[in-house]
1. Quick one: P(r) of segment 97-176 from all Cα-Cα pairs, 10 Å bins, percents rounded to integers, in order of increasing distance.
2. Rounding to the nearest 10 and keeping the result within 0 to 90°, find how far the Cα-based axis of helix 16-26 lies from the longest principal axis of the chain.
3. Which order results if Thr74, Thr69 are arranged by neighbouring Cβ count within 10 Å, fewest first?
4. Give me the angle, in degrees from 0 to 90, between the Cα long axis of helix 95-105 and the longest principal axis of the Cα atoms of the chain, rounded to the nearest 10.
5. Listing Val85, Val149 from the residue with the fewest other Cβ atoms within 10 Å to the one with the most, what is the order?
6. For Lys192, which aspartates and glutamates qualify as cross-link partners when the Cα separation must be under 19 Å and same-chain residues fewer than eight apart are set aside?
7. At q = 0.14 Å⁻¹, work out log10 I(q)/I(0) for the chain with the Debye formula, treating every Cα as an identical point scatterer and leaving solvent out; two decimals please.
8. Just to check, using Stokes-Einstein with a Kirkwood Rh over alpha carbon pairs, what's the diffusion coefficient of segment 1-117 at 37 °C and 0.692 mPa s in µm²/s?
Amino acid sequence: MFADGGAIRVRGSACIRQAIIYSILSQRHVVIEEIRSFEQNVGLKGYEDRFLELIKKIMEGCLIKINVTGTQITFIPGILKGGDVEFDCGNERGIGYYLEAIMALAPFSKERLNCTLYGATNVDIDHGGDPSVDALKDCALPILQKFGVLAELELNIKRRSTHETEPGEIYFTCPAVKQLKSINWRDPGFIKKVRGISFSVNRSRDMVNQMIFHAKGVLLKFIPDVRIDAPAP
């Protein structure tokens, strides 16, 4: 990443989401070049194109230009408007791929963001290995709260799914925050407890119970405070 006459220039496809987020928060336009230029299938993937569509839905006045081959994006940010958004994430990547970016941007919106996303809530490593919505709910939400995003912050998993089943559904709502709190978090501390989620789709409840039993059998050898829940699918 480097600056060129006011624009931020990024090469490659590895950090497209991060570059777009940085552009929006810094209000500087970004040019992402050489997107898979040296691969057999050049240009943007379908899920990256979907990500840009989602960004347009939560913004007002942004401009996105993609060249003919899809190997270059010029992104000029607008205003994060928030509001009510519904979006189909498809099945190339999990909902977590899109939700990570939404959670980073939502507190800076002009008004409350109410976002409903459809897609795979849990995916395996062969489909991107994106964080599950459970991981984001249990890990990312508490971090947002440390920065002062407290009132009416919610992530509700309405229907779970994988890339092989019917689309899942989640609802994320986040208030607009005038000013974030600063935090000092240099000491990570020690692991004191383990919390987890075990679920199945179109499988018997016995399989979930067996996964919990065997996982706890391993984890309890290292730490005594282990709890793995089995929510309804």
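Laboratory data are not the source of any read-out in this text; all were calculated from the coordinates shown. None of these values were measured; they are calculated from a predicted model. Note: ideal-geometry Cβ built from the backbone for every residue, glycine included; neighbour counts use all protein chains shown.
1. For segment 97-176, the binned pair fractions read 18, 52, 24, 5 percent.
2. Long axis of 16-26 versus the principal axis of the chain: about 70 degrees.
3. Ascending number of Cβ neighbours within 10 Å: Thr69, Thr74.
4. Approximately 60 degrees, to the nearest ten.
5. The order, fewest Cβ neighbours first, is Val85, Val149.
6. Here the aspartates and glutamates satisfying the reach criterion relative to Lys192 are Asp138, Asp225, Asp229.
7. Ignoring solvent entirely, the Cα scatterers give -1.02.
8. 226 µm²/s
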